[in-house]
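Below: the structure, in structure tokens.
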Amino acid sequence: MTTVITVCDTCRTEGTEKPTDDTIEKDGAKLAALVEAAADGNSNVSVRRHSCLMGCQGGCNVALQAKGKLTYVLGRFEPNSDAASGIVEYATLHDKSALGQVPFKQWPAAIKGHFVTRIPTLDDTDK
Ligand code: FES
């Protein structure tokens with residue numbers, strides 16, 4: 001099993017104006033491409049794109065999920081390689097952890113200050 005990184009491919013970096021030209025690549029798509037490249041060959045993670053995670057005010061946004069583990073949503077990223085590497089490094093640690101909880105001292109610097117929500121795992125007793 002892997003940790004799945006879902007990258008919003010329609011996000012704009014927080015505080016930027018909406019492009020007037022639809023042919024301009026969106027910041028989310030740029031970040032998605034960088035995350036995909038950073039994850040290439042990493043068997044601990046997989047990457048998918050999704051258009052809008054409903055956190056548009058704080059883009060660029062990503063979500064990390066794995067069956068039986070905590071889910072995390074992170075945002076306010078800029079589409080650069082440091083962010084992409086940090087997201088993939090954190091997702092790798094998430095995958096290697098038992099329940100998705102990575103000790104703070106192991107967090108990559110690039111993801112600190114970017115957490116939006118943590119969602120608990122559903123268990124067999126949840127309806
Ligand atoms: S466009 Fe990315 S969360 Fe809405």
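Note down the net charge around PRO79, summing +1 for each Lys or Arg and -1 for each Asp or Glu among other residues with Cβ under 14 Å from its Cβ. Once all neighbours under 14 Å are counted, the net charge is -2. In degrees, nearest 10, range 0 to 90: what is the angle between the Cα axis of helix 27-39 and the longest Cα principal axis of the chain? Helix 27-39 and the main axis of the chain meet at about 40 degrees.
Summing charges over all other residues whose Cβ lies under 12 Å from the Cβ of ALA66, with Lys and Arg as +1 and Asp and Glu as -1, gives +2.
Pairs of alpha carbons in the chain separated by more than 23 Å make up 27% of all such pairs.
The residue among PRO103, VAL7, GLY28 whose Cα reaches farthest toward the positive pole of the charge dipole of the chain, with charges on the beta-carbon of Lys, Arg, Asp and Glu, is PRO103.
For the chain, the longest principal axis of the alpha carbon atoms and the long axis of helix 81-96 meet at an angle near 20°. Close Lys pairs in the stretch 3-119 (alpha-carbon distance under 17 Å; sequence gap of 8 or more, or different chains): 5. So what's the net charge close to ALA98: Lys and Arg +1, Asp and Glu -1, counting the other residues with Cβ under 15 Å from its Cβ? Neighbourhood net charge equals +1.
Ranked by the mean number of other Cβ atoms within 10 Å per residue, highest first, peptides 34-45, 93-104 order as 34-45, 93-104. For the chain, what does the relative contact order come out to in percent, with C-alpha contacts under 8 Å and a separation of six or more? Relative contact order for the chain comes out at 29 percent.
Coordinate-derived values only; no laboratory data. Model, not experiment: these values are computed from the prediction. Ideal geometry is used to build each Cβ from the backbone, glycine not excepted, and the neighbour counts take in all protein chains shown.
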